[in-house]
Each structure stands twice: as C-alpha cells, then as structure tokens.
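Q: Supplied in structure tokens, the structure appears directly below.
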Amino acid sequence: MTKNPGQAAGTSFDPATSEIMPDAWVTHVHLLRHGEVAELERRCVRGQMDVPLSAAGREQSRLLADWFVTAEPACDRIFASDLSRCTHLGELLAARAGLPLETTDRLREQDMGRWQGSDWQTITEWDGERVTAYWNDYVDTRPPEGESFRDLSERAGAWWDGILEPCKGQRIAVVSHAGFIRVLLCRLFGVPLADALRLSPATASHTSLLVSQAGAVLSTFGERPWLFGATGGDH
C-alpha cells in the first residue's frame with residue numbers, strides 16, 4: 001500500500017518560511033500502547049501490576065510491530081515501560097530496528113496502590129469512601145499508597161522534559177500505557193487533566209505526533225491498521 005500524506009503536516013518548508021520560523025527541527029514521536037493483557041475478563045485494577053499479555057495480546061504486538069517497521073521510517077531510539085506487557089512490544093520493535101530497548105519505570109501506568117489486583121466492587125466494599133472521593137476528583141485523589149492522576153502527569157512530564165533535548169529532531173517510539181499516553185497528550189496540547197479520560201487509545205494502537213519549538217501536532221490517534229492487514233501509511 002502506498003503512503004498517502006494527504007494534508008498532514010510536513011517537515012519541509014520553503015526558504016522564506018524557514019527563515020522566519022523559530023527553529024526548523026521536528027521530532028517525530030510514536031506512542032504505542034501495549035496489547036491485550038491476560039485475564040481481561042477480570043475487571044480488576046491493574047495499575048503497575050506486572051500482568052502478562054494474553055495470547056491475543058502477543059499476536060497483536062507482533063502484528064503492530066510488523067506494520068510499524070514497514071509503514072514508518074526507522075526510529076533513532078525506542079523507549080518502553082519496564083512492565084512486561086510493554087517490553088514485549090518494545091523488544092519486537094528494537095530487534096527489527098537493530099536498536100537497544102531503553103526501559104524505565106517512569107513510563108509505567110498510574111500506581112493504584114493497595115487497590116491493585118482487586119475489582120472495583122470489592123474495593124468499594126472495603127474502601128468505599130475513598131473510591132467515591134477518587135471518582136469525584138481522580139486528578140488529585142490518591143488511592144491508598146498510590147499515585148493521583150496528577151502525580152502520573154508530573155512523572156510523565158519529568159520524563160518528557162528529560163528526553164526532549166537529547167531526542168531533538170529525531171524519530172522515537174515510546175511503548176507505554178493508556179494513562180501515560182493520556183497525560184502526555186494533555187500536557188502537549190493544553191488539555192485539562194480532568195478531561196483526560198475522553199482520550200482512549202485502544203490496546204495495541206499507534207498514536208503519532210510532530211513536536212517542534214512552535215508546539216505539537218497530532219497526526220494520528222489510536223490507530224490499529226494491523227487489523228486490516230495494512231502495510232503502508234494511508235494515515
């Protein structure tokens with residue numbers, strides 16, 4: 001399938017435009033969410049639990065990796081959360097690209113503390129008051145021994161600020177979780193954290209950004225082209 005750039009933002013400008021731009025560098029950022037986890041039918045709070053992928057999730061990861069290395073230009077660096085549901089996809093990408101996989105706990109999902117491993121009904125039975133407080137203000141309410149959504153945002157922001165200069169003008173892939181992707185997009189596009197749950201990237205999906213000194217441009221959000229056997233762009 002041939003790439004069709006359509007009206008997507010480009011990275012080449014005429015001389016007059018380039019002269020007045022603050023800086024001509026553009027960093028290409030690919031945010032990839034891990035595949036389906038095991039025991040998905042259990043509606044439990046997983047957070048930072050190191051749960052494995054299901055067989056379907058491993059296959060989703062393979063298909064996403066195959067599509068990505070075919071459809072997108074080669075990356076300069078590949079990062080992943082150190083939880084196994086992300087490192088699985090990260091390792092597939094790194095092997096195909098011939099790059100080291102850079103893992104860090106700062107790319108993890110929100111830490112849900114003592115609620116992790118239990119379903120919401122059970123949690124509500126023994127910690128109902130805090131569950132109510134959490135859903136009334138999930139941005140700033142911490143689960144017991146866990147993180148608030150704002151804590152996650154600050155952790156994600158600190159990681160982003162740390163890699164922005166070293167990765168300036170490069171193409172990077174970041175394998176992470178729904179929560180991390182949400183807060184990073186909120187940060188880059190000025191979306192209030194209270195609206196973050198309106199962003200719902202699917203499992204084994206691809207979101208791409210162009211980041212420059214002038215700001216960020218969202219090119220694709222939560223696409224799963226591997227579902228259709230796609231091998232080229234058309235996004």
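The values are calculated or read from the model by the stated rules, or taken from the named source; none is laboratory data. As the structure is a computational prediction, the values presented were derived from the model and not from experiment. All Cβ positions, even for glycine, are placed from backbone atoms using ideal geometry, and neighbour counts span all protein chains on display.
Q: With within 23 Å of ASP76 (Cα to Cα), in a loop (DSSP other than H, G, I, E, B), in contact (Cβ under 8 Å) with a residue 24 or more places away in the chain and aliphatic (A, V, I, L, M) as the only criterion, which of ALA204, ALA216 stands out?
A: Numbers: ALA216 fails: in a loop (DSSP other than H, G, I, E, B).
Sole residue among the options that is within 23 Å of ASP76 (Cα to Cα), in a loop (DSSP other than H, G, I, E, B), in contact (Cβ under 8 Å) with a residue 24 or more places away in the chain and aliphatic (A, V, I, L, M): ALA204.
Q: Test of understanding: among ASP119, ASP127, ASP111, ASP161, which residue is of a type outside the set (S, T, N, Q) and without any contact (Cβ under 8 Å) to a residue 12 or more places away in the chain? Please lay out each step first, then the result.
A: Numbers: ASP119 fails: without any contact (Cβ under 8 Å) to a residue 12 or more places away in the chain; ASP127 fails: without any contact (Cβ under 8 Å) to a residue 12 or more places away in the chain; ASP111 fails: without any contact (Cβ under 8 Å) to a residue 12 or more places away in the chain.
Of ASP119, ASP127, ASP111, ASP161, the one residue that is of a type outside the set (S, T, N, Q) and without any contact (Cβ under 8 Å) to a residue 12 or more places away in the chain is ASP161.
Q: Hey, another quick one. Any idea which of LEU188, LEU197 is surrounded by fewer than 15 Cβ atoms within 10 Å (Cβ to Cβ), of a type outside the set (Asp, Glu) and either within 23 Å of ARG114 (Cα to Cα) or modelled with pLDDT of 95 or more (or both)?
A: Working: LEU188 fails: surrounded by fewer than 15 Cβ atoms within 10 Å (Cβ to Cβ).
Only one candidate qualifies: LEU197.
Q: Grab the helices (runs of 4 or more DSSP H) fully contained in the range 37-147, keeping just those with 3 or more residues being loosely packed, with under 14 Cβ neighbours inside 10 Å. Full working, then the answer.
A: Details: elements: 55-71, 84-97, 120-136.
Those helices (runs of 4 or more DSSP H) span 120-136.
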